[in-house]
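The values are calculated or read from the model by the stated rules, or taken from the named source; none is laboratory data. These numbers come from a predicted model, not from an experiment. Every residue, glycine as well, gets a Cβ built from its backbone with ideal geometry; the counts of neighbours run over all protein chains shown. In case anyone asks, the SASA skips ligands and DNA or RNA and just uses the protein heavy atoms, side chains included. Shrake-Rupley method; radii C 1.70, N 1.55, O 1.52, S 1.80 Å.
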Amino acid sequence: MHKIDIGHLSVSNDAPLMLIAGPCQLEGLDHAQMIAGHMAEVCAAHGAQFVFKGSFDKANRTSLNGKRGLGIDEGLKVMQAVKDSIGCPVLTDIHTPEQCSTVAEVCDIMQIPAFLCRQTDLLLAAGETGAVINIKKGQFLAPWDMPNVVAKIESTGNNRILLTERGSSFGYNTLVADMRSLPTMAQSGYPVVMDATHSVQQPGGQGGSSGGQREFAPVMARAAVSLGIAAVFIETHEDPDNAPSDGPNMIPLDKMGALVESLMAFDRLAKANPIRV
């Protein structure tokens, strides 16, 4: 079983749960520090490992009119400031091979968006940086297809890999999460992550933007953690209904404390009695 060191954290499927949390897209330094500071306190209080996430560019918005974010230069300045002030590792998405080396100078984890998980040039460029690479399983892939994706990163000599479940396409504007995918991907030995908020997304469900069922995100998180996984990915915002992107599936920031407390209870139970498939 791989253990991945991320800053001062050590992550694996049998280590204490890591929470990857933050807003969908970065909105500014003060906003990022507010959310990161709150989540760092929550995680410390309940024994969870914490990574701050935020996207500098939402390159796959439903509509041309959707807000995309701060851009790479300003976004990375925000991420560096969060690292310096909060002291936590940070994660952001990458979209092109050309972004990889620049992003790796700041971010501890680079995330491959689900739609791009088979883009060979992007995977190779990401792997070559030596950064931790979080690969989101495409909505169009089965969990047993992921070893082919993993092999592309491994070919660069980089074994610092996380695998994320974020739901599979199920008809129009709908995703479904198959919990069997978590132990299936864990057979790779790499840490497995459950994206609890994007798995309740309704892609394009509002015509010009995606909808979602945020009330089910805690359900997804609790179900996944009860199996014994490395991490949960949750997008959170103090006012999701007015967030620039993915508001319908984000969990309100003031609800995160109680959720993390319950997740850590499930995590302790699961890792004391691990499921082997």
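Quick notes on this one:
- Close Cβ contacts (under 7 Å, 6 or more residues apart or on different chains) running from residues in the stretch 213-234 that are open to solvent by less than 20 Å² (accessible area, probe 1.4 Å) to residues that are at pLDDT 95 or above and aromatic (Phe, Trp, Tyr) comprise Val225/Phe266.
- Residue list for the stretch 256-269, filter: under 25 Å from Glu238 (Cβ atoms) and touching a residue at least 24 places away in the same chain (Cβ under 8 Å): Met256, Gly257, Leu259, Val260, Glu261, Ser262, Leu263, Met264
- Residues that are under 17 Å from the mean Cα position of the chain (by Cα) and hydroxyl-bearing (Ser, Thr, Tyr), drawn from the stretch 204-238: Thr236
- Residue match in the stretch 44-63 (condition: crowded, with 16+ Cβ neighbours inside 10 Å and of a type in the set (Asp, Glu)): yes
- Criterion applied to Asp246, Asp241 was being over 19 Å from the mean Cα position of the chain (by Cα), of a type in the set (D, E, K, R) and at pLDDT below 95, and the one residue passing it is Asp241.
- Count of residues meeting criterion [of a type in the set (S, T, N, Q) and touching a strand residue (DSSP E or B) at 6+ places or on another chain (Cβ under 9 Å)] in the stretch 73-105: 3
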